[in-house]
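Some notes on the structure that comes next.
The values are calculated or read from the model by the stated rules, or taken from the named source; none is laboratory data. Predicted, not measured: the structure shown is a model, and the values here were computed from it. Here the Cβ positions follow ideal geometry from the backbone for every residue, glycine too, while neighbour counts run over all protein chains shown.
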């Protein structure tokens, strides 16, 4: 899935418990893999220009998403799935974000969605999500090194 030039976009607010998953993954990956890693925080729309400028073949969006799974479980979502579940706590319409990136880059766009346990302000990342963070970081590093 991580073919060609890859841009990985971590979305989330580090002050809201498990919502910090996206930025935390970017922090672990940055400088360790051959991919452009962007911490978009809670305003991914502010990074659209940079993403487009990179001319990626693949875009991987990383965010916590209510998937109806156990905390820390994850799924790779494609466009239709992303549009049906949306981003967890962010203002931008996932439809507008995905459609614009698709139109401007012609990239394959995926989302790595992780089920949160808590999104409460001031909470720390749950153990379930923290464990998934370490696992996914290793898997992506290994995949981009192969």
(message) The conditions are (1) within 12 Å of the chain's Cα centre (by Cα); (2) buried (at least 17 other Cβ atoms within 10 Å of the Cβ); (3) at pLDDT below 95, and residue 59 fails exactly one of them. Which is it?
(response) (3)
(request) Considering only residues that are buried (at least 18 other Cβ atoms within 10 Å of the Cβ) and at pLDDT 95 or above, look in segment 24-34 and name the one that is farthest from residue 97 (Cα to Cα). (result) 28
(request) List every residue pair whose Cβ atoms sit under 7 Å apart, with the two residues 6 or more apart in sequence or on different chains, where the first one lies in segment 121-139 and is on the phi > 0 side of the Ramachandran plot and modelled with pLDDT under 95 and the second, anywhere, is surrounded by fewer than 17 Cβ atoms within 10 Å (Cβ to Cβ) and not in a helix (DSSP H, G or I). (result) 122/15
(request) Would you tally the residues in segment 68-108 being within 15 Å of the chain's Cα centre (by Cα) and at pLDDT 90 or above? (result) 7
(request) Could you please find all residues in segment 1-60 being part of a loop (DSSP other than H, G, I, E, B), under 25 Å from residue 130 (Cβ atoms) and in contact with a helix residue (DSSP H, G or I) (Cβ under 9 Å, 6 or more places away or on another chain)? (result) 1, 2, 12, 13, 14, 32, 33, 35, 42
